[in-house]
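Below: the structure, in structure tokens.
Here, each number is a calculation from the coordinates, and none is a lab measurement. Worth saying up front: this structure is predicted, and the values here are computed from it rather than measured. Here the Cβ positions follow ideal geometry from the backbone for every residue, glycine too, while neighbour counts run over all protein chains shown.
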């Protein structure tokens, strides 16, 4: 609700009246709970790979020491590639935003009629017509910065990236993944070899139920479905790992 | 350029003139090359995990058979969890879009003044003012479907998901990942034990250079930077895998 930050007190500000009351509970659209979602999603993701790799290793008769080695390597590699991958993707997105912005700016100089028409086509789609459409396009195009802002947001669907937030997300993701990734490996170090896979599966499934439940809740989705999905994902990854390793190794 | 699909021939359609000519090369913004990007990104991602896991295993003295087992398990688990994860995330996004849409629709009935004000606040940000602003808001709010469309797109930044496209992306991602994931494992099966890690690193680095280059090109970014980033990601994941496994196993 970024539009609601600064309710104006004047009767109207250039035609924008003060904000009327909305729903009693402030509209909590799902974007509001990003850090919680990031920890939960990172932890859920972090369980899957080490569980799948250790389950395939143990299931195919690898020695516990080798299973542990592979599980730790998978936990760390998954966390590092997810975290660094997220940070690099954010860097790329920022570079792309900048490049597209320069291009839109150029086009507003070289092909002003076309760029005006593109603004008109967007507003037309939402029912702004006739003389009103022409005036609205003129109002937007009268300030080049706002005009380019409009094209970036509504033609290209690009929002200005936030590097600080991306770095924080990348760190949360990597840490949550590697910590969660230790859980499925632990039973292979502590339990008797015959029982380790069972304990690892039970602990991982329990954690995935909890995390899938929380993740769905934080997104306003049915929690039970979230729990089932998370467990299914872990099971499918383990089945895939076991199948390929059994077929080719 | 979805707005450019059907140029009108009439002089104006409700105030929207025919599309004026734009840049000579049709504006190829990066969204146009999605399938290529998906194959390339999937393959690049698919190399990292099996390389990191096999490098850590071999580097810490695991037997080649165990290294191969772990590498195959990591390739399959990574591909399955990325592909299925993508498909489930798309399903969640579709459910969330539907839920938010129902909510916006309800709010347009319960708090019409507030929802009109939100439309006004968005247009106001782009320079539409005064009487023109009031008229534009009325035009948009005069059709409830378009009004809710506008709020979904411009207040909540949610685009209607495309389940067919998501399923295709998920499949491309999983297949590209698992096929690429075999490359770093292969030398451990074919080369002499002492040389396998070197071959695996060389092949993986060469493939990451090529894929990183192509990925950056398909996104309009500097190719060399893309190549360096991809290799850095693979190296960092292997270093993380080796460090954690060496420290704890």
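Using the count of nearby Cβ atoms within 10 Å as a rough guide to exposure, how do B:97, A:126 rank from fewest to most?
So the ranking, lowest neighbour count to highest, is B:97, A:126.
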Query raised in the report: Hey, what does the equivalent ellipsoid look like for the stretch A:35-248, semi-axes from the Cα gyration tensor as sqrt of 5 times each eigenvalue, largest first, whole Å?
Result: 50, 18, 14
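Counting alpha carbon pairs within less than 8 Å and at least 6 residues apart, what relative contact order, in whole percent, applies to chain A?
On the way: 286 pairs, mean separation 84.5, N = 249.
About 34 percent, as a whole number.
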Report task. Tell me the distances, shortest first, between residue B:248 and the same position across the other copies, using label points 7 Å along Cα→Cβ, in nm to one decimal. Result -> 2.6
Report summary line: Measuring from the longest principal axis of the C-alpha atoms of chain A, the long axis of helix A:223-248 (C-alpha) lies at a number of degrees, nearest 10, equal to 60 degrees
Report summary line: If one builds a Gaussian network model of chain B from Cα atoms under 10 Å apart, the most fluctuating residue listed among B:121, B:77, B:192 is B:121
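State, as an integer percentage, the relative contact order of the stretch A:90-168 based on alpha-carbon contacts under 8 Å between residues 6 or more apart.
Numbers: 45 pairs, mean separation 36.7, N = 79.
For the stretch A:90-168, the relative contact order is 46 percent.
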Query raised in the report: What angle, in degrees between 0 and 90 and rounded to the nearest 10, separates the Cα long axis of helix B:64-110 from the longest principal axis of the Cα atoms of chain B?
Result: 10 degrees
Query raised in the report: Where the label is 7 Å out from Cα toward Cβ, how close does residue A:61 come to the same position in every other copy, in nm, shortest first?
Result: 2.4
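Can you give the average number of partner chain beta-carbon atoms within 10 Å of each beta-carbon in peptide B:231-241, as a whole number?
Details: counts 0, 2, 6, 3, 2, 6, 11, 5, 3, 12, 12.
Mean inter-chain Cβ contacts per residue within 10 Å come to 6.
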Query - Alpha-carbon centroids, the stretch B:176-249 and the stretch A:110-152: separation in whole Å - result: 47 Å
**Report entry** Shortest-first distances to equivalent copies, position residue B:223, nm, label 7 Å out along Cβ
**Finding:** 5.2
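Averaged over B:174-185, how many beta carbons belonging to a partner chain fall within 10 Å of each residue's beta carbon? Don't skip to the answer; put the middle values down first.
Numbers: counts 1, 0, 0, 0, 2, 0, 0, 1, 2, 0, 0, 3.
Mean shielding by partner chains, rounded to a whole number: 1.
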Query - Computed helical MRE - 222 nm, chain A, DSSP H runs ≥ 4 contributing -39500 (n - 2.57), nearest 500 - result: -26000 deg cm²/dmol
Report task. Give the angle, between 0 and 90 degrees and rounded to the nearest 10, that separates the Cα long axis of helix A:163-190 from the longest principal axis of the Cα atoms of chain A. Result -> 10 degrees
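Work out the mean other chain Cβ neighbour count within 10 Å for the residues of A:133-143 and drop it here as an integer.
Details: counts 7, 4, 6, 10, 3, 3, 9, 4, 2, 1, 2.
Mean shielding count: 5.
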